[in-house]
Amino acid sequence: MSEIQKTYDALKKKHALPSFNDINNEFEISSTENKDFLLREIRRKMDERIEFFVKILNSILQPDTNISELHECRDFSDSDKRDIFSLYKEIIVMHDSAVIAGIICDESQDAKFISETFKSWPAIKKKMVEIVKRMKDSWKTDVNISEELGYLG
C-alpha cells in the first residue's frame with residue numbers, strides 16, 4: 001500500500017470519503033506527490049476535470065469563431081442547449097464550491113467538496129459522454145464546405 005493510500009485511508013475514516021480505489025480510478029489521485037495536504041490536492045484534481053467539462057460545454061453554448069466549435073454547436077437544438085445549460089450550471093456550482101474550499105483552506109471543506117462531487121460525478125460523466133459523442137458524430141455527416149467556411153468570412 002502506497003503512502004498516499006495510507007494517508008487517504010486515514011482521512012477517509014475521519015471524513016467518510018469514497019474508497020481510495022474509486023476516487024483514484026476517476027481522478028488519478030495516486031499520482032499525487034504531496035500527502036501533507038492530500039485533500040487539497042484531490043480537490044484540485046477534481047476541479048481540473050470540472051474545468052475541462054466547462055470548456056467543452058462553453059464551446060457548445062458560446063462557440064468561438066473557429067470552424068470546429070461552429071460546426072459542432074450546430075448539431076444541438078435550442079432544446080438541447082437548454083439541457084446543456086442546466087448541466088453547465090450544475091458543473092459551475094461544483095467549480096465555485098472548489099474555489100470556496102480553496103479559499104477557506106480547511107480540511108473538512110475539502111472533504112465535503114470531494115464527497116458531494118463524487119456522488120454527482122457518475123451522472124455528470126454520463127451526460128458529458130453523450131454530449132461529446134454527439135459532437136464527434138457531427139463530423140460523420142456530409143458537410144457543405146463552402147457553408148462551413150462561410151462562417152469564417
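The values are calculated or read from the model by the stated rules, or taken from the named source; none is laboratory data. Every value quoted in this text rests on a predicted model; they were computed, and no experiment measured them. In this analysis, Cβ positions are derived from the backbone assuming ideal geometry, glycine residues included, and neighbour counts consider all displayed protein chains.
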Checklist outcome for this item: For ASP47, the lone unmet condition from (1) within 28 Å of SER2 (Cα to Cα); (2) loosely packed, with under 12 Cβ neighbours inside 10 Å is (2)
Item to check | Odd one out for GLU69 among (1) out of contact with any Ser or Thr (no Cβ under 6 Å at 6 or more places or on another chain); (2) modelled with pLDDT under 95; (3) charged (D, E, K, R) | outcome: (1)
Checklist entry - Quick one: would you say SER86 is hydroxyl-bearing (Ser, Thr, Tyr), loosely packed, with under 15 Cβ neighbours inside 10 Å and assigned to a helix (DSSP H, G or I)? => result yes
Next on the checklist: Give me the residue from segment 86-107 that is in contact with a helix residue (DSSP H, G or I) (Cβ under 6 Å, 6 or more places away or on another chain) and of a type in the set (A, V, I, L, M, F, W, C) and, out of that set, farthest from SER59 (Cα to Cα).
Outcome noted: ALA101
Checklist entry - Pairs, please: C-beta under 6 Å, at least 6 apart or cross-chain, first residue crowded, with 20+ Cβ neighbours inside 10 Å and in segment 101-114, second part of a helix (DSSP H, G or I) and of a type in the set (Val, Ile, Thr)? => result ILE114/ILE42
